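Single-structure report; data block below.
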Amino acid sequence: MAGIGFELRKLARKDDLISVVSAYTHSSIASAGPWLFTILALGAISVWGSGLAGSEPLAVFRLIIIYNFAFSLVFSSPVTLVATRLLADEIYTGDVSEAPGLLLGSLALVFVVQFPLACFFYFYYVDLSPLARFLSFANYFLVCGIWVASIFLTALKDYRAVSKAFGAGMLTALVATLWLARAGGVVGMLIGFSLGLTIIVFSLISRVIAEYPYPLVTPQKALRSSPRYWEVALTGLLYNAAIWVDKWVMWFSPEQQTLSSRMISYPDYDSACFLAFLTIVPSLAIFLVRIETGFFERYQRFYENIISHAPLKRIERNHAAIISNLQESARNLLVFQGCVSYIVILTAPQILEILGVSFLQLPIFRLAVLGALFHVLFLSVSILLSYFDMRRSWLYVNLLFFVSNALLTWISMKMGFRYYGLGYFLSALLTSVVAFAVLAHHLRDLPYQTFAAHGGRR
């Protein structure tokens, strides 16, 4: 994400408040656009659409969107993370002529891999009308397209185009869904929401192709490179599954609901977690604009000096600069997100009352906010691990996140309602501490790892 981050940092350094606010707004969309789109759009539709479509059709629509975003994210992630690595390699070498082919090849691979899953779920398992089945199926692949196209946004400098795409898409989805809800029910809402997704997908793809006006070559590159980057692919699968696994476990809690469509969920837990995730959006924006760009400058200087055979003292000085920068960044991020989390936890009853959310979600929401605090720390450390190409270490910490979140959520579910959300919080805390320890150990021996261990791969 450092590419677009540098452009946003330039905007943030202008001497006026509007530029600073604009920079962090664009950064929020660039770093968490799909999440913001989903949570804000679903929240608004749930509030304003209940009197238009009825509670049952609204619940079915809401769950279709949640299922589509959850499972498309998880099963697209192996392809998207490998494509991210390939795009980064191309940018590093200065030859991005294969970027359009990589984009279309990744889209094709994601569609082919997920076609059987979506077919089974929507044309065999769920109980919907034929038209609703088809629209749900189409909506699933529109969401897949957003995940794939989003990874190419990190290399774009036109952050305004990215924000406009998500803004126009979300506004269209909201207005069209509410407009068609009364007359069309589930079908109408799916048509309206998919119109917004279509605007986002095609706007992003067209922007990428316009940025890289090259012939379509080697579209099979993502597939051909997957065996070489199998750790990267598996890491993507585990991380995104870890984000959702606590929700999947809680869908089998005593409070779970089964709709007439045969889809199951636990709406109170899901809603509380979605709201909690919104608290980390400012930290993600800060990480993109300030932390990652500052780290990247020192990271690049360290390796450029090594390649140019700089004196040992300069290399050691650059090594110390990386460590100092990360210590300061980690402290600032922890303090900022800690303050946000503390304020949100204290004012949680008022927040839920303003949003019209059931107070049954209050204890879950508070624990989820604490979990999100450590989740954003883990995510930041995980991104930095990827810079050093520590594929196995990166893989293991994400495996820990997935296993611990599933296991601790299951244990907390068995302990009773008052402990709901505790599993996610403990898992995020444990994983962030372990990931930070792994990164600190690697940084301590960074010169040795660079010279003697082939760039830090383990």
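The values are calculated or read from the model by the stated rules, or taken from the named source; none is laboratory data. Just so it is clear, the model here is predicted, and its values are computed rather than measured. Heads up, the Cβs are rebuilt from the backbone with ideal geometry, glycines too, and the neighbour counts pull from every protein chain shown.
Taking the listed residues Val357, Val369, the one that is more than 27 Å from Ala233 (Cα to Cα) and modelled with pLDDT of 95 or more is Val369, with no other qualifying.
In region 304-325, the residues that are free of Cβ contacts under 8 Å to residues at least 24 places away in the same chain form Cβ pairs under 9 Å with partners that are assigned to a helix (DSSP H, G or I) and among the aliphatic types (A, V, I, L, M), at six or more places apart or across chains, as follows: Asn305/Ile315; Asn318/Ile306. Number of residues in region 380-411 that are touching a residue at least 40 places away in the same chain (Cβ under 8 Å) and closer than 22 Å to Ser271 by Cβ: the value is 4.
Residues are listed down the side, and each one gets a yes or a no for (1) at pLDDT 85 or above; (2) closer than 30 Å to Leu370 by Cβ; (3) part of a helix (DSSP H, G or I):
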{"position": "Phe302", "(1), (2), (3)": "no, no, yes"}
{"position": "Asn305", "(1), (2), (3)": "no, no, yes"}
{"position": "His309", "(1), (2), (3)": "no, no, no"}
{"position": "Ala321", "(1), (2), (3)": "yes, no, yes"}
{"position": "Leu333", "(1), (2), (3)": "yes, yes, yes"}
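Whenever a residue of region 422-437 is farther than 18 Å from Leu238 by Cα, it has no partner that is of a type in the set (S, T, N, Q) and surrounded by fewer than 21 Cβ atoms within 10 Å (Cβ to Cβ) lying with C-beta atoms less than 8 angstrom away and at least six residues away or across chains.
Residue by residue, here is whether (1) assigned by TED's automatic domain parsing to the domain that holds Ile65; (2) surrounded by fewer than 20 Cβ atoms within 10 Å (Cβ to Cβ); (3) touching a residue at least 60 places away in the same chain (Cβ under 8 Å) holds:
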residue: Tyr140; (1), (2), (3): yes, no, yes
residue: Gly145; (1), (2), (3): yes, no, yes
residue: Val162; (1), (2), (3): yes, no, yes
residue: Met170; (1), (2), (3): yes, no, yes
residue: Val175; (1), (2), (3): yes, yes, no
residue: Arg182; (1), (2), (3): yes, yes, yes
residue: Leu195; (1), (2), (3): yes, yes, no
residue: Ile200; (1), (2), (3): yes, no, yes
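Applying the selection to region 253-269, what residues are assigned to a loop (DSSP other than H, G, I, E, B), touching a residue at least 40 places away in the same chain (Cβ under 8 Å) and not aliphatic (A, V, I, L, M)? Lay out the reasoning, then the answer.
Of region 253-269, the ones assigned to a loop (DSSP other than H, G, I, E, B) are 253-256, 259-263, 266.
Then drop every residue that is not touching a residue at least 40 places away in the same chain (Cβ under 8 Å), which leaves 253, 255, 259-263.
Ser253, Glu255, Ser260, Ser261, Arg262 - these are the residues of region 253-269 that are assigned to a loop (DSSP other than H, G, I, E, B), touching a residue at least 40 places away in the same chain (Cβ under 8 Å) and not aliphatic (A, V, I, L, M).
Arg62 meets the conditions (1) at pLDDT 80 or above; (2) within 16 Å of the chain's Cα centre (by Cα) in every case but one. The failed one is (2).
Being surrounded by fewer than 18 Cβ atoms within 10 Å (Cβ to Cβ), at pLDDT 85 or above, aromatic (Phe, Trp, Tyr) and out of contact with any Gly (no Cβ under 6 Å at 6 or more places or on another chain) holds for only one residue in Phe436, Phe417, Phe401, and it is Phe417.
Can Ser76 be described as assigned to a helix (DSSP H, G or I), within 30 Å of Tyr299 (Cα to Cα), out of contact with any Leu (no Cβ under 9 Å at 6 or more places or on another chain) and not assigned by TED's automatic domain parsing to the domain that holds Phe402? Spelling it out, Ser76 is indeed assigned to a helix (DSSP H, G or I), within 30 Å of Tyr299 (Cα to Cα), out of contact with any Leu (no Cβ under 9 Å at 6 or more places or on another chain) and not assigned by TED's automatic domain parsing to the domain that holds Phe402.
May I ask you to verify whether Ala70 is at pLDDT below 80 and not β-branched (Val, Ile, Thr)? Reasoning before the result, please.
Numbers: at pLDDT below 80: no; not β-branched (Val, Ile, Thr): yes.
Taking the combined requirement at face value, the residue does not satisfy it.
Would you mind stating whether Leu109 is outside any helix (DSSP H, G or I) and crowded, with 21+ Cβ neighbours inside 10 Å? Taking the combined requirement at face value, the residue does not satisfy it.
For region 272-287, the set of residues classified as closer than 30 Å to Phe123 by Cα and surrounded by fewer than 23 Cβ atoms within 10 Å (Cβ to Cβ) consists of Phe274 only.
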